[in-house]
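Beneath this line is the structure, given in structure tokens, with notes to follow.
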Amino acid sequence: MPDSADTPRLARAHELTLTLRSLQRRLNQTVDALCGLAAGEVAEAVPAPAHGEDWGPALFSLPLVEPVRLQPASGTALGPGAIFYVGEHQGVLQLVQAPVSGVGAPRYACRINFADFDGEWMSLVFDLRPLLETVLPGQTRLVLWAEHERLPAQALQVRCSWRSEGGELQVSQAGVEAGEPVQLSLDLGWLQPASLQVLDLHLIFPAAGRGTITLRGMQASMHVQPVATTGGDPDVFEETP
């Protein structure tokens, strides 16, 4: 465990790292736009997408009361906003929250070790509703980055599900091939944050036999395209001359 005197310094370093990543992303977008102009591309002026704050699960920054779980049951909570699920199986599972060292690295990694596993799949589900605190209604994309390892290398399914008050569950998903990084942008369509009751991210791992799945960190953000205003509609009751 890190010394208590180092905790504020590590937390501040993590905060500055997130800020740097956000600035790098915005810089890249600006460079792309300038390159387009230099190439003669003149697009119709539209409002720039609003970018919400970067968010990361507490699983990678706060210690769990039980950092090692043997045979964790499906539905096991892993700190605030994170739950582990697994299909019925007769195998052996071990779930570990392990400290991570290095400047700018998350404080903890989540590791799932399995042997003689016949349950076909397991998943980590994260509650993304904290992201809604910094975004406005509009056409929305979820941008996701995660540092991970899967041994043996296997594909991964990423799914975002959401439900508005009185509405049906909606889903946007994408696959990540074996050996590829988790760097995704999922189209969520038009969202009204105030009405959302559910906004979950599912990382679904197919698994069989023996292996290890490791997540060393995850960051997510919302990018919203605000509504373009036209200056108001003409008055249909305008006086005739």
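If R₀ is 35 angstrom, what is the calculated FRET efficiency for the pair E168 and S101, using the beta carbon separation as r and rounding to 0.05?
0.20
Ordered by packing density, taken as the mean number of other Cβ atoms within 10 Å over each peptide's residues, highest first, how do 205-218, 76-89, 180-193 rank?
205-218, 76-89, 180-193
Of all accessible surface on segment 90-153 at a 1.4 Å probe, what whole percent is carbon and sulfur?
54
With every protein chain left in place, what is the accessible area per residue of segment 69-124 in square angstrom, probe 1.4 Å?
Accessible surface, normalised per residue, equals 48 Å².
Let me make sure I get this right: for segment 60-138, a, b and c are the square roots of the gyration tensor eigenvalues over alpha carbons, sorted descending. Under 1.5 in a/c it's rounded, otherwise prolate if a/b > b/c, else oblate. Which is it?
oblate
Mind checking the per residue accessible area of segment 156-207 for me, 1.4 Å probe, whole number of Å²?
Numbers: 2620 Å² over 52 residues.
Accessible surface, normalised per residue, equals 50 Å².
The values are calculated or read from the model by the stated rules, or taken from the named source; none is laboratory data. This is a predicted model, so every value here is computed, not measured. Using ideal geometry, Cβ is built from the backbone for each residue, glycine included, and neighbour counts are taken over all protein chains shown. Please note that ligands, DNA and RNA were not included when accessible areas were found on the heavy atoms of the full protein model with its side chains. Shrake-Rupley method; radii C 1.70, N 1.55, O 1.52, S 1.80 Å.
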